[in-house]
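Q: Mind having a look at this structure? Questions to follow.
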Amino acid sequence: MGTASSAENWMQVRPEGLYCAPADIYIDPHQPVERAAITHGHADHARPGHKSVFATPETLAIMKTRYPDDAPSMKHLLNYGEKTDLAGDVRLWLAPAGHILGSAQVVIEHANQRIVVSGDYKRHSDPTCTPFEVVKTDVFVTEATFALPVFSHPPLGHEIDKLVRSMSLFPDRAHLVGVYSLGKCQRVMLALRQAGYSHPFYLHSALIRLTELYEAHGFDFGEWKPVSDYKGREKEIMRGRIVLAPPSALADRWSRTLPDMLPAMASGWMQIRARARQRRAEMALIISDHADWQDLLQTVDDTGAKDVWITHGRVEALEHALTQKGIRAKALALVGREEDAD
Amino acid sequence: MEAFATMLDDLYFTNSNLAKEEILANYFRSTPDPDRGWALAAIAGTLNFDLFKRNLSKSLIAERMDPELFALSYDYVGELSETIALAWPVSENAVRLNRLPSLSEVIREFQSRSKQGIREYLTTMLDNMTPPQRWALLKLGTRGLRVGMSARSVKRTLARMKDVDLEVIEELWHGLEPPYEGLFAWIDGTADMPDVSSAIAYLPVMLAHPLDEEKDLERISPATHQVEWKWDGIRVQLAANGTEARVFSRTGDDISRSFPDLLGAVDFVGTLDGELLVLPEGPDGAVGTFNDLQQRLNKKKPSAGLMQRLPAHFRAYDVLNLEGENLRPEPLAERRRRLEDFMDDLDPFRFSISQLLKFENVRDLAAFRDEASASSGLLEGLMIKDRSSSYVSGRPKHAWYKWKCDPMLLDAVLMYAQRGHGKRSSYYSDYTFGLWNEAGDLLPIGKAYFGFTDEELKQLDNWVRSHKQQRFGPVQEVKKELVFEVAFDSAHRSSRHKSGFALRFPRIHRIRWDKPASEANRLSDLEQMVGQNRSHE
Ligand SMILES: [Zn+2]
């Protein structure tokens with residue numbers, strides 16, 4: 001395998017995003033392009049308007065749900081591990097990233113070199129997606145969303161227990177959990193089922209389409225009901241039950257119609273007290289779909305990469321720590337990544 | 001310790017006061033003595049010792065963690081204890097505990113250990129704790145717990161548990177000490193109400209309203225009001241029971257340890273309200289500046305030399321009780337008469353009475369206030385009190401007024417910015433500013449983190465982000481281009497500051513987006529303002 005300095009010749013940063021020149025393909029481009037490989041369905045990675053898209057079948061299904069009017073002229077469905085040869089002597093395949101359903105690392109091989117673009121990823125357990133798979137590589141392209149030593153995500157079960165404990169402490173309060181609609185919502189629901197929660201979930205309308213998509217992929221969340229089916233006093237039924245809504249709904253008028261609502265928020269940011277208070281969360285559930293500090297360092301180690309390119313997040317700290325370990329690390333100046341997406 | 005940390009977390013994240021009180025009551029009901037009493041002390045702020053020095057945890061983590069990573073983490077989190085709690089790297093050869101000790105065991109251990117022992121114990125604790133537990137311990141250890149619960153709310157919790165009025169708890173409170181076993185026994189119904197009759201009690205102080213010049217001045221006349229200087233010392237309460245004397249700050253903190261010279265001179269039984277001052281030139285000389293007093297306040301065990309150089313002095317405003325007689329219900333005129341009689345006998349080196357200022361009309365008052373303004377901060381303004389007022393806690397309407405001097409103003413240049421804490425942690429909201437010296441260099445004169453609106457905060461934050469220069473850990477240097485009009489109550493010479501001056505209570509008065517930095521004030525302007533500081537007795 002070759003060196004990274006030459007890898008920079010064929011993998012470049014362009015305004016549209018990370019670009020593999022010989023195959024004329026972008027990875028997670030921010031603007032519409034001719035040819036794109038998409039790591040996963042979150043909006044800051046999967047944009048509409050590309051002509052030809054390479055992604056897992058699940059990611060393509062998510063994109064179809066999110067952008068029903070978007071119609072790429074070519075969809076290349078790639079299962080994990082399935083290799084495809086592109087122009088310019090480039091081989092591309094996808095490996096599981098453990099981030100959300102269908103999330104993938106894009107593995108690109110060219111001129112005896114391998115670059116792994118990991119997208120968003122995590123190493124913690126998640127019943128809603130295939131676990132992260134280590135791919136040995138020359139260059140590892142990583143996120144740094146939680147790249148500070150203060151971020152150490154507790155086991156999922158530990159945080160779910162907080163919620164369960166609170167429901168027994170406050171059996172008369174509707175427990176409203178703020179979750180992102182894609183991935184977090186479904187992960188929290190499955191984890192609650194595994195913890196023995198057997199009542200119906202009550203879902204904000206913004207969470208329904210993607211939950212149904214997961215169901216179409218064989219996930220069973222048990223019984224759930226749209227909150228909008230209940231008017232006025234009928235919402236009394238939600239006392240002591242779990243209601244799920246997007247984070248923005250926590251502080252708005254909508255949530256005030258729930259009986260004696262207790263606002264909880266499920267996010268990796270909840271580790272920082274001030275951030276939790278900002279969200280007006282009375283219960284901070286540290287549930288993250290990204291790698292924490294130890295896992296970022298561990299993953300770089302596991303891949304054996306001598307070169308690490310950092311896409312977004314707390315770039316400085318990761319760059320510093322990797323440099324100390326003798327790894328060549330540099331920040332890519334990519335535009336369009338959402339700081340708060342989780 | 002587990003239950004304590006969980007309870008603190010619950011309190012911290014809960015918004016409603018009622019729910020907080022419920023959480024605390026549940027904890028008190030389910031936790032044995034003396035743990036619950038120590039927890040009560042921690043939350044009510046009555047713990048009167050530190051378990052370890054604030055710097056200890058910082059030095060421990062410095063041994064274990066890359067300084068750059070620590071600085072980035074601290075910068076991001078914005079709060080030291082939380083940063084350490086989260087980033088603490090557990091040692092591979094850490095001593096492993098099967099369980100955490102109880103809260104009272106932890107306190108006992110810290111109190112009984114040597115300096116080195118404390119270091120080791122804290123390390124072991126941090127190695128064995130979860131981040132929220134570490135946070136609880138670090139906050140407890142340096143008495144920095146803020147869980148959004150006022151002392152009043154804590155007392156209300158106790159009152160509700162016993163189903164008595166809040167006043168009942170208030171009256172008991174200052175006669176009780178951690179870990180409050182007697183109090184809880186009474187609440188549980190297993191003992192009588194604790195007897196606090198002989199204890200030295202801090203009595204809630206009476207406060208003044210700022211004078212509204214439009215509405216209040218016309219109420220004031222020599223027949224109905226007395227007028228005194230408002231000194232720039234600290235308001236204290238001096239209480240003695242014949243065997244023991246204590247001095248409390250306005251908020252009820254016992255600061256006796258810093259003032260043994262003053263307390264040694266107490267030979268009466270009673271409670272006085274007054275101003276704590278220092279007299280570097282003896283009873284006939286000028287009063288020391290607030291900066292002088294600060295040196296005494298900062299020392300828990302003042303040396304003989306310091307006490308000789310800056311002797312503590314008490315200037316009495318009022319008397320609350322004397323020889324066991326409660327004078328608080330009496331009108332001020334009567335209390336003042338009793339105070340004058342009584343003060344006659346005291347040692348003038350340590351005690352004096354606040355002089356009444358003779359006035360006939362509002363013009364005289366304004367003249368006194370001008371005189372105070374010219375005192376370079378030694379006098380903060382005037383106190384104007386209704387002679388018929390009884391002494392009650394809090395801020396009764398139209399009983400006492402304070403008429404403060406106008407603040408001093410200077411145009412200073414923004415030099416450094418730092419991220420704030422809590423909900424301001426994502427903004428640059430702490431600002432250091434300076435004045436030009438003769439050589440054309442800027443020297444910092446102070447720091448402020450309030451005085452602007454949320455909207456201005458956003459604008460300032462933006463400005464800082466687009467005018468960055470070097471960074472020193474969490475401190476961001478900026479281009480020297482933005483002028484603040486800074487208001488402050490007084491300024492003093494200070495050898496601890498590079499500029500040679502320290503400001504009292506500085507705040508941002510106005511942001512002068514329009515003013516070129518070169519036109520900001522010079523240090524020599526400040527020097528002139530400070531001028532002759534010792535003109536007032
Ligand atoms: Zn994502």
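The values are calculated or read from the model by the stated rules, or taken from the named source; none is laboratory data. Here the structure is a predicted model, which means the values were calculated and not measured. Positions of Cβ are backbone-derived with ideal geometry, glycine not excepted, and every protein chain shown enters the neighbour counts. All accessible areas refer to the heavy atoms of the entire protein, side chains included, with ligands and DNA or RNA removed. Shrake-Rupley method; radii C 1.70, N 1.55, O 1.52, S 1.80 Å.
Q: Given the structure, is A:Arg256 free of Cβ contacts under 8 Å to residues at least 60 places away in the same chain, surrounded by 21 or more Cβ atoms within 10 Å (Cβ to Cβ) and within 14 Å of another protein chain (Cβ to nearest Cβ)? Can you show your working first?
A: Working: free of Cβ contacts under 8 Å to residues at least 60 places away in the same chain: yes; surrounded by 21 or more Cβ atoms within 10 Å (Cβ to Cβ): no; within 14 Å of another protein chain (Cβ to nearest Cβ): yes.
Answer is no for this residue.
Q: Hey, among the residues in the range A:142-165 that are open to solvent by less than 10 Å² (accessible area, probe 1.4 Å) and of a type in the set (Gly, Ala, Ser), which one's farthest from the other protein chains (Cβ to nearest Cβ)?
A: Checking each candidate, the answer is A:Ala144.
Q: Could you list, in sequence order, the residues of the range B:329-361 that are in contact with a strand residue (DSSP E or B) (Cβ under 8 Å, 6 or more places away or on another chain) and open to solvent by 90 Å² or more (accessible area, probe 1.4 Å)?
A: B:Gln355
Q: Looking only at strands (runs of 3 or more DSSP E) that fall completely inside the range A:1-82, which ones have 1 or more residues that are surrounded by 14 or more Cβ atoms within 10 Å (Cβ to Cβ) and within 16 Å of the ligand (Cβ to nearest atom)? If you could, list the steps in order and put the result at the bottom.
A: Working: elements: A:11-14, A:17-20, A:25-27, A:35-37, A:52-55, A:74-77.
Per the criteria, A:17-20, A:25-27, A:35-37, A:52-55.
Q: State all residues of the range A:96-111 that are touching a strand residue (DSSP E or B) at 6+ places or on another chain (Cβ under 6 Å), away from the ligand (no atom under 11 Å from the Cβ) and open to solvent by less than 10 Å² (accessible area, probe 1.4 Å); if no residue qualifies, say none.
A: Start the filter on the range A:96-111 by keeping residues that are touching a strand residue (DSSP E or B) at 6+ places or on another chain (Cβ under 6 Å), which leaves A:97, A:104-110.
Restricting the remaining residues to those that are away from the ligand (no atom under 11 Å from the Cβ) gives A:104-110.
Scanning the range A:96-111 gives A:Ala104, A:Gln105, A:Val106, A:Val107, A:Ile108.
Q: Of all residues in the range B:55-73, count the ones that are open to solvent by 60 Å² or more (accessible area, probe 1.4 Å) and more than 9 Å from chain A (Cβ to nearest Cβ).
A: Of all residues in the range B:55-73, those open to solvent by 60 Å² or more (accessible area, probe 1.4 Å) come to B:55, B:58, B:62-64, B:67-68.
The next check asks that each one be more than 9 Å from chain A (Cβ to nearest Cβ); those that pass are B:55, B:58, B:62-64, B:67.
The number of residues fulfilling the criteria is 6.
Q: Which pairs do you get when a residue that is away from chain A (no Cβ under 14 Å), found in the range B:410-422, comes within reach of a residue that is assigned to a loop (DSSP other than H, G, I, E, B) and polar (S, T, N, Q), reach meaning Cβ atoms under 8 angstrom, with the pair 6+ apart or on two chains?
A: B:Leu410/B:Asn521; B:Asp411/B:Asn521; B:Ala412/B:Asn521
Q: Any residue at all in the range B:376-389 that's on the phi < 0 side of the Ramachandran plot, out of contact with any Phe, Trp or Tyr (no Cβ under 8 Å at 6 or more places or on another chain) and outside the structural domain of B:Val483 (by TED's automatic domain parsing)?
A: Yes, the range B:376-389 has at least one match.
Q: Considering only the range A:295-314, how many residues are more than 25 Å from A:Leu182 (Cα to Cα) and either within 14 Å of another protein chain (Cβ to nearest Cβ) or surrounded by fewer than 19 Cβ atoms within 10 Å (Cβ to Cβ) (or both)? So that I can check it myself, show each step before the final result.
A: Taking the range A:295-314 and keeping what is more than 25 Å from A:Leu182 (Cα to Cα), we get A:297-298, A:300-309.
If we keep only those that are either within 14 Å of another protein chain (Cβ to nearest Cβ) or surrounded by fewer than 19 Cβ atoms within 10 Å (Cβ to Cβ) (or both) as well, we get A:297-298, A:301-302, A:304, A:306.
Residues flagged as more than 25 Å from A:Leu182 (Cα to Cα) and either within 14 Å of another protein chain (Cβ to nearest Cβ) or surrounded by fewer than 19 Cβ atoms within 10 Å (Cβ to Cβ) (or both) within the range A:295-314 amount to 6.
Q: Only one residue in A:Ala249, A:Ala276, A:Ala266 is open to solvent by less than 10 Å² (accessible area, probe 1.4 Å), under 18 Å from A:His175 (Cβ atoms) and free of Cβ contacts under 8 Å to residues at least 60 places away in the same chain. Which one? It would help to see each step written out before you state the result.
A: Details: A:Ala249 fails: free of Cβ contacts under 8 Å to residues at least 60 places away in the same chain; A:Ala266 fails: free of Cβ contacts under 8 Å to residues at least 60 places away in the same chain.
Of the residues listed, the single one that is open to solvent by less than 10 Å² (accessible area, probe 1.4 Å), under 18 Å from A:His175 (Cβ atoms) and free of Cβ contacts under 8 Å to residues at least 60 places away in the same chain is A:Ala276.
Q: A further question follows. Could you list, in sequence order, the residues of the range B:372-381 that are open to solvent by 20 Å² or more (accessible area, probe 1.4 Å) and either hydroxyl-bearing (Ser, Thr, Tyr) or over 28 Å from the mean Cα position of the chain (by Cα) (or both)? Break it down into steps so the answer makes sense when it comes.
A: The initial filter retains those residues of the range B:372-381 that are open to solvent by 20 Å² or more (accessible area, probe 1.4 Å), namely B:373-374, B:380.
Hit for the range B:372-381 is B:Ser373, nothing else.
Q: Could you tell me whether A:Asp89 is open to solvent by 10 Å² or more (accessible area, probe 1.4 Å) and away from chain B (no Cβ under 14 Å)?
A: Values: open to solvent by 10 Å² or more (accessible area, probe 1.4 Å): yes; away from chain B (no Cβ under 14 Å): yes.
Spelling it out, A:Asp89 is indeed open to solvent by 10 Å² or more (accessible area, probe 1.4 Å) and away from chain B (no Cβ under 14 Å).
Q: Let me ask something additional. Considering every residue within the range A:181-193, establish whether at least one is touching an Asp or Glu at 6+ places or on another chain (Cβ under 7 Å) and either within 14 Å of another protein chain (Cβ to nearest Cβ) or β-branched (Val, Ile, Thr) (or both). Spell out how you get there, then give the answer.
A: Applying the first criterion (touching an Asp or Glu at 6+ places or on another chain (Cβ under 7 Å)) to the range A:181-193 yields A:183-184, A:187.
Restricting the remaining residues to those that are either within 14 Å of another protein chain (Cβ to nearest Cβ) or β-branched (Val, Ile, Thr) (or both) gives none.
Scanning the range A:181-193, I find no residue that is touching an Asp or Glu at 6+ places or on another chain (Cβ under 7 Å) and either within 14 Å of another protein chain (Cβ to nearest Cβ) or β-branched (Val, Ile, Thr) (or both), so the answer is no.
Q: Within the range B:112-138, how many residues are more than 20 Å from B:Asn98 (Cβ to Cβ) and not in a helix (DSSP H, G or I)?
A: Result for the range B:112-138: 2.
Q: So which of B:Gln111, B:Gln133 is open to solvent by 20 Å² or more (accessible area, probe 1.4 Å), modelled with pLDDT of 95 or more and under 30 Å from the mean Cα position of the chain (by Cα)? Show your work before the answer.
A: Numbers: B:Gln111 fails: modelled with pLDDT of 95 or more.
Of B:Gln111, B:Gln133, the one residue that is open to solvent by 20 Å² or more (accessible area, probe 1.4 Å), modelled with pLDDT of 95 or more and under 30 Å from the mean Cα position of the chain (by Cα) is B:Gln133.
Q: Only one of (1) open to solvent by 40 Å² or more (accessible area, probe 1.4 Å); (2) within 25 Å of B:Lys230 (Cβ to Cβ); (3) within 22 Å of the chain's Cα centre (by Cα) fails for B:Lys300. Which number is that?
A: With (1) open to solvent by 40 Å² or more (accessible area, probe 1.4 Å); (2) within 25 Å of B:Lys230 (Cβ to Cβ); (3) within 22 Å of the chain's Cα centre (by Cα) applied to B:Lys300, the lone miss is (2).
Q: With respect to A:Thr137, is the statement that it is assigned to a loop (DSSP other than H, G, I, E, B) and either within 13 Å of the ligand (Cβ to nearest atom) or out of contact with any Phe, Trp or Tyr (no Cβ under 6 Å at 6 or more places or on another chain) (or both) true? Break it down stepwise before answering.
A: Numbers: assigned to a loop (DSSP other than H, G, I, E, B): yes; either within 13 Å of the ligand (Cβ to nearest atom) or out of contact with any Phe, Trp or Tyr (no Cβ under 6 Å at 6 or more places or on another chain) (or both): yes.
Yes, satisfied.
Q: Which of the strands (runs of 3 or more DSSP E) contained wholly in the range A:250-342 include at least 3 residues that are away from the ligand (no atom under 16 Å from the Cβ) and either more than 23 Å from B:Trp88 (Cβ to Cβ) or under 16 Å from the mean Cα position of the chain (by Cα) (or both)? Give the derivation first.
A: Values: elements: A:262-266, A:283-285, A:307-313, A:328-331.
Strands (runs of 3 or more DSSP E) meeting the threshold: A:262-266, A:307-313, A:328-331.
Q: Check A:Ser181 against each of (1) farther than 23 Å from A:Leu258 by Cβ; (2) among the hydroxyl-bearing types (Ser, Thr, Tyr); (3) outside the structural domain of A:Val117 (by TED's automatic domain parsing) and name the one condition it does not meet.
A: Failed condition: (1).
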